[in-house]
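Structure record follows, encoded as structure tokens.
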Amino acid sequence: MALIKCDFYSDTLGLSTSMHVILPQQTHNQIGMDNVSGKGLHPTLYLLHGLSDDDSIWLRRTSIERYVANLGIAVVMPQVHRSFYTDMAEGGRYWTFISEELPALARSFFPLSSKREDNYVAGLSMGGYGAFKLALRKPEQYAAAASLSGALDMAAHMDNKILSALQQTEMERIFGPEIKGSENDLLHLLKESQASQAPRPLLYQCCGTEDFLYEENQSFREACARTDFQLTYEEESGGHDWAYWDEKIQNVLRWLPLPERN
């Protein structure tokens, strides 16, 4: 595998930012690793970070590089700060960045496939929200999306009385005063998608039963059951922590509908 830290300028954000990228590499005598790479452009997993993290976090807290070594896929891990992958009411245009500019730039820098069947997105917590938002708003771009302990009902989240005044102010700076029924409301997007002829990405969702986002995950699961999306759901004892996510990202990788290697 090749691991690249890529610093670049974003016209959409108007600032320099970064992403970490894992690229497949075929090797034959590397001790302790079974690296493979197909021919041509690589299938790609966009792997999204949570609220308090950055583009290095999946590498620092899990063995993601080792987990994908024998799969022949690239992994793109972008930096979006505390944006909730949203064109912020007061701040940067992070939705436009993640949904349009980033994939185009990554494909201009690296040999990544643009085919829908070769593109997947996953994330934890805030990144789980971002992954499902990409799947629901850009279904023509992604074959599958996975949320690990995602913040999936942001309308309820913003109404939650456990948020401090500072946290509430931050959410309003991101989403504005009202999220329910908007393009940033995943439950609304699920309902609206039923009138669309767009393809349906496969969805994977997991959340620990002790996670503070468990109820939000139940709300999304119930809303999804009223649609024709194919959802794979897993739950068991677990919290909002890296021990859980390190285990579950391995399940996600086994679940992805990866193409047959050339």
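Annotations for the structure displayed:
- Of Lys133/Lys248; Lys180/Lys248; Lys39/Lys115, those spanning more than 23 Å from alpha-carbon to alpha-carbon: Lys180/Lys248
- Phi angles of the stretch 32-40 translate, via the Karplus equation with coefficients 6.51, -1.76, 1.60 and θ = phi - 60°, into HN-Hα couplings of x, 9, 10, 8, 9, 8, x, 8, x Hz per residue; Gly and Pro are given as x.
- Magnitude of the charge dipole for the chain, about its Cα centre and with charges confined to Cβ atoms of Lys, Arg (+1) and Asp, Glu (-1), is about 760 debye.
- The stretch 162-230 shape via C-alpha gyration tensor axes, a/c threshold 1.5: oblate
- Per-residue Cβ neighbour rank within 10 angstrom, fewest leading, Asp118, Asp246: Asp246, Asp118
- Comparing Ala144, Ala195, Ala104 in a Gaussian network model of the chain, where Cα atoms under 10 Å apart are tied by springs, the biggest mean-square fluctuation is seen for Ala195.
- Extension reserve of the Val36-Lys180 stretch, reckoned as 0.36 nm per residue once the Cα distance is removed: 47.4 nm
- A Cβ-based charge dipole, computed about the Cα centre of the stretch 196-262 with Lys and Arg at +1 and Asp and Glu at -1, lands at about 500 debye.
- Selection from Thr44, Gly130, Val80, by position along the positive dipole direction of the chain (Cβ): Thr44
- Counting other Cβ atoms within 10 Å as a rough exposure proxy, the listed residues Val21, Val80, Val36 run Val36, Val21, Val80 from fewest neighbours to most.
- Taking the alpha carbon gyration tensor of the chain, multiplying each eigenvalue by 5 and rooting it gives semi-axes of 28, 20, 18 Å, largest first.
- In the stretch 1-136, taking the dipole from charged Cβ atoms about the Cα centre, the farthest positive-side position among Pro111, Val121, Asn35 is held by Asn35.
Where a number appears in this text, it was derived from the coordinates with a stated rule and is not lab data. This is a predicted model, so every value here is computed, not measured. Virtual Cβ from ideal backbone geometry, glycine too; neighbours counted across all protein chains shown.
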